[in-house]
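**Student:** Could you have a look at this structure, given as structure tokens, before my questions?
Where a number appears in this text, it was derived from the coordinates with a stated rule and is not lab data. Since the structure is predicted, the reported quantities are computational estimates derived from the model, not experimental observations. Note that we place each Cβ from the backbone using ideal geometry, even for glycine, and neighbour counts take in every protein chain shown.
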């Protein structure tokens with residue numbers, strides 16, 4: 001692969017109304033690279049694709065292609081083409097005419113058009129299908145036509161916005177291989193958007209993981225899977241056991257009361273860390289003589305392996321194994337040093353613009369007043385910043401609270417769940433002992449002594 005930086009996003013931000021889609025993103029994309037933008041719905045990946053395509057303009061920052069700022073260049077003048085999930089094919093035209101559409105608009109010679117169309121049909125394995133109409137094609141064949149139509153104009157970059165989303169599982173897997181092979185044969189840059197982790201791991205040279213408009217990690221599929229930078233990446237890319245630990249010293253970590261050998265260094269002595277262990281990297285061993293013993297509380301056959309939940313007192317390990325284990329069986333677990341991945345401890349704080357009402361002993365957050373202490377130094381209606389730790393956010397039934405929100409995400413972090421609650425345009429982060437379903441309505445309460453208030457210097 002070439003090392004040339006074909007596309008660069010430099011401090012790019014984009015918002016829709018009050019909702020931030022991308023926040024100060026820096027990213028370079030190499031010439032000839034298969035790069036995937038991966039993340040949950042609403043993370044900003046499609047926005048980034050649309051910015052590169054030129055369908056929308058950035059609010060801040062620059063987008064460069066071959067070293068030239070293209071932020072204000074219209075889409076038709078950019079050396080890019082886009083394939084959408086809904087292929088936008090013309091049902092009244094046959095396959096050949098669909099592929100040739102862009103060439104005809106440019107008044108390309110008929111003989112050249114015929115030659116290029118035939119070459120594209122062969123490239124996407126649709127030789128002999130030129131005279132067929134779109135309704136006569138399967139979903140996978142329609143997808144190939146959409147790709148051929150995009151490629152026939154010889155773009156430097158092909159943008160693909162979840163193009164396999166409408167296909168069934170078997171066909172989707174087949175097309176993953178086809179797309180990767182096609183990209184390698186052509187040698188052009190593919191920028192692919194998906195929320196499917198398997199797609200990203202299967203096809204990509206580079207994966208960019210996004211959350212809430214911010215890049216969480218950039219790396220190869222192997223790096224992303226084996227060396228996640230934070231709990232979100234670890235949890236989003238495959239299944240993970242994420243457990244808080246103490247890095248005692250280089251190569252030694254304690255988690256759930258047990259000291260393990262590991263291969264990580266440089267975290268300092270007695271440092272709080274997060275530990276990631278993939279389920280497939282844990283071995284089930286006889287209980288006799290094992291350092292860690294637990295009871296199998298759940299055993300589910302997944303086709304090629306069993307998924308076993310083992311309660312070891314204080315922590316429930318998720319283990320993937322080819323060995324059958326009886327539910328209720330007492331087993332030992334063994335974790336080799338190179339299966340233990342250490343991450344810096346992530347500290348999250350809810351930080352909101354707020355208004356102080358010291359005479360009432362209250363602070364207004366998201367149009368809701370909370371009782372609050374420590375407001376003596378402020379005047380009525382002073383703009384302030386309110387900081388609340390996730391552990392101090394109490395989740396209660398919605399009918400018992402004046403401030404309610406909707407669960408947007410719930411991620412297990414080993415000893416607790418991290419819950420994201422959407423309240424209008426703002427999100428709350430809370431910790432919970434119980435799993436909560438996405439879309440569930442929940443009430444929010446914070447004790448008066450758990451809100452830290454400071455002057456808001458930005459207002």
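**Student:** Let me know the whole percent of all Cα-Cα pairs from the range 294-376 that are separated by more than 17 Å.
**Tutor:** Of the Cα pairs, 67 percent sit more than 17 Å apart.
**Student:** May I pose another question? Name the shape class, rounded, prolate or oblate, that the alpha-carbon gyration tensor gives for the range 239-344, where a ≥ b ≥ c are the square roots of its eigenvalues, rounded holds for a/c under 1.5, and otherwise prolate holds if a/b is larger than b/c and oblate otherwise.
**Tutor:** The shape class here is prolate.
**Student:** Using all alpha carbons of the range 350-455, what is the percent of pairwise distances in each 10 Å bin, ordered from the shortest bin to the longest?
**Tutor:** 16, 47, 28, 9, 0
**Student:** Mind running the shape call on the chain? Use the C-alpha gyration tensor, a ≥ b ≥ c as the square roots of the eigenvalues: rounded below 1.5 for a/c, prolate if a/b tops b/c, oblate otherwise.
**Tutor:** Taking the square roots of the gyration eigenvalues as a ≥ b ≥ c, the chain is oblate.
**Student:** At a Förster distance of 35 Å, what's the computed FRET efficiency of residue 177 paired with residue 401, Cβ-Cβ distance as r, to 0.05?
**Tutor:** With a Förster radius of 35 Å, E is 0.10.
**Student:** Also, I was wondering about something else. From the C-alpha gyration tensor of the range 5-231, pull out the three semi-axes of the equivalent ellipsoid (sqrt of 5λ each), sorted largest to smallest, in whole Å.
**Tutor:** Value: 30, 21, 15 Å, ordered largest first.
**Student:** Note the angle between two axes, namely the Cα long axis of helix 139-151 and the longest principal axis of the Cα atoms of the chain, as a number of degrees from 0 to 90, rounded to the nearest 10.
**Tutor:** Rounded to the nearest ten degrees, it is 70.
**Student:** What percentages, rounded to whole numbers, describe P(r) for the range 17-88 computed over all alpha carbon pairs with 10 Å bin width beginning at zero?
**Tutor:** 16, 52, 30, 2
**Student:** Simple spin-label model, 7 Å along Cα-to-Cβ: residue 186 to residue 330 in nm?
**Tutor:** 6.1
**Student:** How many nm is it between the label spots at residue 153 and residue 106, if each spot is 7 Å from the Cα in line with the beta carbon?
**Tutor:** 0.8
**Student:** For the chain, what is the relative contact order in percent, using Cα pairs closer than 8 Å and at least 6 residues apart in sequence?
**Tutor:** About 11 percent, as a whole number.
**Student:** Could you give the angle, 0 to 90 degrees to the nearest 10, between helix 110-123's Cα long axis and the longest principal axis of the Cα atoms of the chain?
**Tutor:** It works out to around 40 degrees.
**Student:** Wrap a convex hull around the Cα atoms of the range 406-459, take a quarter of its surface area, and give that in square nanometres.
**Tutor:** About 5.2 nm², averaged over all directions.
**Student:** Nearest 0.05, what FRET efficiency do residue 295 and residue 15 give at R0 = 56 Å with Cβ-Cβ as r?
**Tutor:** With a Förster radius of 56 Å, E is 0.65.
**Student:** Run the helix sum for the chain: -39,500 (n - 2.57) per DSSP H stretch of 4+ residues, divided by residue count, reported at 222 nm to the nearest 500 deg cm²/dmol.
**Tutor:** -5500 deg cm²/dmol
**Student:** Along Cα→Cβ, 7 Å out, is where each label goes; now give me the distance between the ones at residue 41 and residue 351 in nm to one decimal.
**Tutor:** It works out to 3.0 nm between the two label points.
**Student:** What is the helix-to-structure angle for 95-105, meaning the angle in degrees between its Cα long axis and the longest Cα principal axis of the chain, kept from 0 to 90 and rounded to the nearest 10?
**Tutor:** So the inclination is approximately 80 degrees.
**Student:** Assuming R0 = 22 Å, what is the FRET efficiency of residue 373 and residue 416, from their Cβ-Cβ distance, to the nearest 0.05?
**Tutor:** E between residue 373 and residue 416, to the nearest 0.05, is 0.25.
**Student:** How would you order 187-193, 398-404 from highest to lowest mean count of nearby Cβ atoms within 10 Å?
**Tutor:** The packing order, highest mean first, is 187-193, 398-404.
**Student:** Moving on. Please give the contour-minus-distance gain from residue 433 to residue 122: 0.36 nm per residue of separation, less the Cα-Cα distance, rounded to one decimal in nm.
**Tutor:** 106.4 nm
**Student:** So the label point goes 7 Å from the Cα of residue 23 along Cα→C-beta, right? Which residues of the range 389-431 then have their backbone N under 13 Å from it?
**Tutor:** Under cut-off, by backbone N: 426-429.
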